[in-house]
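Some notes on the structure that comes next.
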Amino acid sequence: MTVEAVPVRTTQLADGFCFGEGPRWFEGLLWFSDMLGQAVHTVTLGGALTTLPLPGHAPSGLGFRPDGALLIVSTERRQVLVYDGDTVELLANLSSVAPAALGDMVIDAHGRAYVGSQARLGGERSDGECSGGVIVRIDGDRTVHVVADALDFPNGMAITPDGSTLVVAESTGRRLTAFTIDAEGGLSGRRVFADGLDGPPDGIAIDAEGGVWTALTLAHEFQRIVEGGAVTDRVDVGERTAIACTLGGPEGRTLFLVTTTDAYPQRLIGTKLSRVEALMVDVPAPGEHEHGHHH
């Protein structure tokens, strides 16, 4: 089944950022990182902005714990920070277990954080171990566990509405990979969710029916992909690069799109060309929404 990419009318919410990443909807606000601008921002549906400066950090993945604390991935330092609404502190240093800079993060209903380390698969290392990216789990007691390895540049992550499955975008592998989450938060049963994608997948978001909205950087599209690989919806962003997306808004049916002008952040240092747009979609985010239920 192929769906034509039709020009979709989006509403621009915010622009003027260096490299937006990690959008998340939480309590009436869209939160996102400016990785090169060293800050986390919020924007309302009306376009009002706030800024949390994070000098010395290149933030990317964001996630909210059940207690409302915001966790922030500091990519190059290989750290996860915690912001309680007042101060930013170090939650965990992953330098000893992460083979490369960190990327995205997803937090489960128990408050466990899954963080990707963005190494590519490069055959055998000198010590005979398999190389590649890993996923690290940070538990409530701040202990750190490597729960998946040999990933081909793990990027966006999402957990299915029932909490049973973690989906990770393997960018250079051009596929979405699924793992079963066990009661202790371990990952097993690795399987292909969708492969042969039209471009490298970056950020992803999952909806109430298990469809995965995927930012396909070099394809200049966001696509909704279901298990097995069928594409049900496409959003063409023209010449822009699709970086990340999330579902939110008052009914959970607002798809927020983060785009920029180049897939390679280092080419964008000093620019202000990243932006956040929004459009309405049919299937809402998982969970309860302010304005009733989706049947």
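The values are calculated or read from the model by the stated rules, or taken from the named source; none is laboratory data. The shown structure was predicted, so the numbers you read here are calculated from the model rather than taken from an experiment. With ideal geometry, Cβ positions are generated from the backbone for all residues, glycine too; neighbour counts draw on all protein chains shown. To get the accessible areas, we keep the full protein, side chains included, count just its heavy atoms, and leave off ligands, DNA and RNA. Shrake-Rupley method; radii C 1.70, N 1.55, O 1.52, S 1.80 Å.
Across the range 205-295, the mean sequence separation of Cα contacts (distance under 8 Å, 6 or more residues apart), normalised by length, yields a relative contact order of 26 percent.
Separation of the range 42-104 and the range 178-211, taken as the distance between their Cα centroids, equals 22 angstrom.
About its Cα centre, the chain has a charge dipole of approximately 560 debye under the convention of +1 per Lys or Arg Cβ and -1 per Asp or Glu Cβ, with nothing else charged.
Dipole check for the range 51-113: with +1 at the C-beta of Lys and Arg, -1 at the C-beta of Asp and Glu, and the Cα centre as origin, the magnitude is about 200 Debye.
Surface composition of the range 19-280: carbon plus sulfur atoms contribute 48% of the solvent-accessible area (1.4 Å probe, protein chains only, all chains present).
Projecting the Cα positions of Gly249, Leu90, Gly228 onto the charge dipole of the chain (unit charges on Cβ atoms of Lys, Arg, Asp and Glu, taken about the Cα centre) puts Leu90 furthest along the positive direction. Between Glu239 and Asp195, the FRET efficiency estimated from the beta carbon spacing at R0 = 25 angstrom works out to 0.40. Distance between the 7 Å Cα→Cβ label points at Val97 and Asp67: 1.9 nm. Rounded to 0.05, the FRET efficiency of the Ser188 and Asp15 pair, given R0 = 45 Å and the Cβ-Cβ distance, is 0.60.
Rounded to the nearest 10 square angstrom, Tyr114 shows an accessible area of 0 square angstrom against a 1.4 Å probe. What the Cβ-Cβ distance of Leu218 and Leu121 gives, at R0 = 25 Å and to the nearest 0.05, is a FRET efficiency of 0.85.
Probing with 1.4 Å while keeping every protein chain in the model, the per residue accessible area of the chain equals 43 Å².
One equal scatterer on each Cα of the chain, no solvent, Debye formula: the resulting log10 I(q)/I(0) at q = 0.09, 0.13 Å⁻¹ is -0.38, -0.83.
Note: relative contact order over the chain, using C-alpha pairs below 8 Å and six or more positions apart, is 16 percent.
Distance between the pseudo-spin-label points of Thr180 and Thr51 (7 Å out from Cα toward the beta carbon): 4.8 nm. For the range 217-233, 3J(HN,Hα) computed residue by residue from phi via the Karplus equation (6.51, -1.76, 1.60; θ = phi - 60°) reads 3, 6, 7, 6, 9, 9, 10, 9, 10, 9, 4, x, x, 5, 9, 9, 8 Hz, glycine and proline entered as x.
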